[in-house]
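The values are calculated or read from the model by the stated rules, or taken from the named source; none is laboratory data. Please read all numbers here as calculations on a predicted model, not as lab measurements. As a convention, Cβ positions derive from the backbone with ideal geometry for all residues, glycine included, and neighbour counts pool all protein chains shown.
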Amino acid sequence: MKAPNPAQTEGQPDPHGPRAATPLEPDGLEEKFDDEDYPAYSMGRAAEMLGVTPAFLRSLDTARLIVPQRSSGGHRRYSRYQLRLAQRARDLVDEGTALEAACRIIILEDQLAEAQRINARLRQERAAQPPPQEQA
């Protein structure tokens, strides 16, 4: 699971930050299929795939766990990444966790995963640097 942008407000994923899908050129169809942030799924299709109601997806939007992009007609469009977050929320709710608590758990999980990725990258960069010169 990818973490949201660490520069978030009040611990919420930034729906308009780096995770937001960017428009791709029409000839970049292959990139759209590979882009997990591309908003490819309508609310109806997303609800069907997850086995939830559209109202559940709207509640995740209200809780600001996932903020879907909107089509030109104003319809919600979900990415594969957002569907994974929604599935995790559904799993937690099915286990008896309150929706608000489930959203907070997912946000914290994503923040931890992002911090671990940044830490690993910084360790690799540090290991690749030559050791500092010792002074005599």
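What pairs can you find where one residue is in the stretch 67-78 and in a loop (DSSP other than H, G, I, E, B), the other is among the small types (G, A, S), and their Cβ atoms are less than 7 Å apart, with a gap of 6+ or different chains?
Once the first residue is in a loop (DSSP other than H, G, I, E, B) and sits in the stretch 67-78, its partners that are among the small types (G, A, S) give H75/S42.
Residue check, Q124 against (1) over 16 Å from the mean Cα position of the chain (by Cα); (2) under 24 Å from Y41 (Cα atoms), all met but one. Which one?
Against the list (1) over 16 Å from the mean Cα position of the chain (by Cα); (2) under 24 Å from Y41 (Cα atoms), Q124 comes up short only on (2).
Determine the pairs where a residue that is closer than 25 Å to Q87 by Cα, located within the stretch 106-123, has a partner that is of a type in the set (S, T, N, Q) with Cβ atoms under 7 Å apart, the partner being 6 or more residues away or on another chain.
I107/Q12
Go over the candidates Q133, Q116 one by one and state the one that is in a helix (DSSP H, G or I) and either at pLDDT 95 or above or not acidic (D, E) (or both).
Details: Q133 fails: in a helix (DSSP H, G or I).
Exactly one residue qualifies, and that residue is Q116.
Say we look at the stretch 25-50 and pick out the residues that are at pLDDT 80 or above and in a helix (DSSP H, G or I); which of these is surrounded by the most Cβ atoms within 10 Å (Cβ to Cβ)?
A46
Tell me which residues, restricted to the stretch 79-106, are crowded, with 18+ Cβ neighbours inside 10 Å, assigned to a helix (DSSP H, G or I) and under 13 Å from the mean Cα position of the chain (by Cα).
Of everything in the stretch 79-106, those that are crowded, with 18+ Cβ neighbours inside 10 Å, assigned to a helix (DSSP H, G or I) and under 13 Å from the mean Cα position of the chain (by Cα) turn out to be Y81, Q82, L83, L85, A86, R88, A89, C103, I106.
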